[in-house]
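Before any comments, here is the structure.
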Ligand SMILES: Cc1cc2nc3c(=O)[nH]c(=O)nc-3n(C[C@H](O)[C@H](O)[C@H](O)COP(=O)(O)OP(=O)(O)OC[C@H]3O[C@@H](n4cnc5c(N)ncnc54)[C@H](O)[C@@H]3O)c2cc1C
């Protein structure tokens, strides 16, 4: 395996590092405090070609490998977690499913929206009564002639109310028969589709987490991305989501790297008992262990990205077990690294005057959103024993 970056990959990192210093970091606290979506960062990233990076050239994408998008996300997250999440949702998430399984018309429409208009597609899976146990979801799409009638509620949907494109997981019903879980596109503003509660989240507050409500929402059959077909539809949707897991892991990794860098710089300057903090061996070891955790997380994520396999329509997404391993390990390790970095600052780290407390609130999310750590470990256990247990999807 060759871990050397190409010149192009180095240039992605350099460009985003520069943007991070000049544009993302200075306003990261602002988005958090004002619960405001960083549109200006999204448009800058779109102008520079960092949205839909892996999309085929025929849709105006760059057909870059998944690892290039991962590098962009990881780099942005050092400066602003919310901005890095924009990159996840405009490169992975609902996009993976639509680009792999959607119709030509859907692919063209969604690609145009992301690459030209800067839409950030949302993915609506979780319901108040069905999170980890997603197969218990209750939202129904009942076939009615050439349409589907949607009824149900989703919650904690990232970007709900902002995203024009929404990929909704629902139970497909035809002639009274439950055909299984599938995915259907519903645009913001569609009659019968409204927004409810916006969550008062602990971190990553620049992106709303919103309730989506469907009441007799009539959607044409042309909007179906994945049909309910026993367990097959659900399996496809879950596989399509693997890119999101690798992307989310990269945000956690970038937050860890960003906090770690700040701590190292601080430890050379801050003195205690006449010596810089960096000269205390106990603290050196904490930083060395953090470095090892960051390196291990990076290897797992890069492995998942580089081993991405072909889905239909030339879409490349990671394997389930590799993306689950990356997410389970990274989200936990990154939380520890950010927490220990904050510790180096003492009371200064606990203050909102510095970014550490925000980074700690932000990084905590990745052990929950996009599938909890326990859910990821269940997937790995399934792969270890090569069989499915009752506690997994
Ligand atoms: C910031 C944020 C953004 C999100 N964005 C989205 C989004 O865009 N779209 C979307 O659809 N959802 C989104 N979610 C929802 C997220 O995917 C769910 O919160 C997550 O899947 C867990 O579901 P739950 O909250 O219902 O917890 P539960 O499923 O109720 O789990 C509670 C606890 O029990 C554990 N547990 C449950 N089952 C098992 C088991 N079988 N074995 C071991 N432990 C188990 C869980 O790990 C967890 O610790 C988001 C959540 C957050 C916090």
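The values are calculated or read from the model by the stated rules, or taken from the named source; none is laboratory data. Quick caveat: nothing in here was measured; it's all calculated off a predicted structure. Note that each Cβ is placed from the backbone with ideal geometry, even for glycine, and that neighbours are counted across all protein chains shown.
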Complete set of residues in the range 377-392 that are near the ligand (Cβ under 9 Å from one of its atoms) and either assigned by TED's automatic domain parsing to the domain that holds residue 136 or touching a helix residue (DSSP H, G or I) at 6+ places or on another chain (Cβ under 7 Å) (or both): 377, 389, 391, 392
Test: residue in the range 139-153 that is away from the ligand (no atom under 16 Å from the Cβ), in a loop (DSSP other than H, G, I, E, B), more than 16 Å from the chain's Cα centre (by Cα) and modelled with pLDDT under 95: no
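Would you check which residues across the range 150-165 are touching a strand residue (DSSP E or B) at 6+ places or on another chain (Cβ under 7 Å) and within 23 Å of residue 31 (Cα to Cα) and list them?
Our first condition is that a residue be touching a strand residue (DSSP E or B) at 6+ places or on another chain (Cβ under 7 Å); within the range 150-165, this holds for 150-161, 163, 165.
Answer for the range 150-165, where residues must be touching a strand residue (DSSP E or B) at 6+ places or on another chain (Cβ under 7 Å) and within 23 Å of residue 31 (Cα to Cα): 155, 156, 157, 158, 159, 160, 161, 163, 165.
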Pairs, first touching a residue at least 12 places away in the same chain (Cβ under 8 Å) in the range 50-65, second in a loop (DSSP other than H, G, I, E, B) and crowded, with 20+ Cβ neighbours inside 10 Å, C-beta under 6 Å, six or more apart: 53/64; 54/64; 61/52; 61/55; 62/53
Pair list, Cβ < 6 Å and 6+ apart or interchain, from the range 119-132 residues that are within 18 Å of residue 374 (Cβ to Cβ) to residues that are more than 8 Å from the ligand (Cβ to nearest atom): 130/136; 130/137
From 131, 160, residue being modelled with pLDDT of 95 or more and surrounded by fewer than 23 Cβ atoms within 10 Å (Cβ to Cβ): 131
Residue count for the range 172-217, restricted to those that are within 16 Å of the ligand (Cβ to nearest atom) and either surrounded by fewer than 21 Cβ atoms within 10 Å (Cβ to Cβ) or closer than 30 Å to residue 24 by Cβ (or both): 21
Hits in the range 101-124 - residues which are in contact with a helix residue (DSSP H, G or I) (Cβ under 6 Å, 6 or more places away or on another chain) and within 11 Å of the ligand (Cβ to nearest atom): 120, 121, 123
